[in-house]
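First the structure, in the form of structure tokens, and then the observations on it.
Just so it is clear, none of the values below were taken in a lab; they were calculated from the coordinates. What you are looking at is a predicted structure, and each value in this text was computed from that prediction instead of being measured. FYI the Cβ positions are ideal-geometry reconstructions off the backbone, even for glycines, and counts take in every protein chain you see.
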Amino acid sequence: MAGKVNIPTELTFVTILVIVYFVAKFGGIYENLEILLTSIVFLVIILVPISVIYFCIKIYLKRRNNLALKKTFKDMPWLYNHKTIKITGRIEKIFTTALTDKIIMSLRHQYRVLIANHDHQGRYEHQRFLISSPQIQLGSCIFISHNVDFGKLKLNEGDWVEVQGEYLHRTTKRKNFFGPKFTYYGLIHKTHDPNYITILPGKPDVKSLKDVTVFH
């Protein structure tokens, strides 16, 4: 059985131009060659932008369909919101907590204990750092927040770590030379269970790192 033949759009346009040329030449529609050439140029001017728009839409739809089929954390992180994931990455930046902030958090914690307020927001010190990873898009980072009450880690920029925790998809605004830019990934917290952050002895095999591990 013969396969389906796909005719390129460019070939269709060329065929139309050839048909118009011969109809005009042998059908007596045009009086002279100058009018014929002007008509062909006019058709090309119209068809070229339409062709460009068509291919742009076609590429966009193809890319969107591919992303929908993949549904990986790298391409669609919002699908993993509030899920426990494990990711391997390199520490790019470590944030320090100022002494005044530590004092404020300690006082806030003592006050909430007295009034039996169980709100966790802003009462515990966290180790905060950014990691890049082969499991996310190139040039992007994920923010990690680790509660030091469950053990402070000896981290250094450049270390490779394996992090497991709850992912929260929050886009944050960053300033750069071209204006504000939104980050593509959110943060991972609740990493305080035993061995949820492991410092690796060196750089792992990047080729073996495909998508993040998801725990349901």
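Segment T97..L138, full-extension length gain: 12.0 nm, with 0.36 nm per residue of separation and the alpha-carbon distance subtracted. Peptide packing: for 48-58, 80-90, 146-156, the average count of neighbouring Cβ atoms within 10 Å per residue gives the ranking 80-90, 146-156, 48-58, highest mean first.
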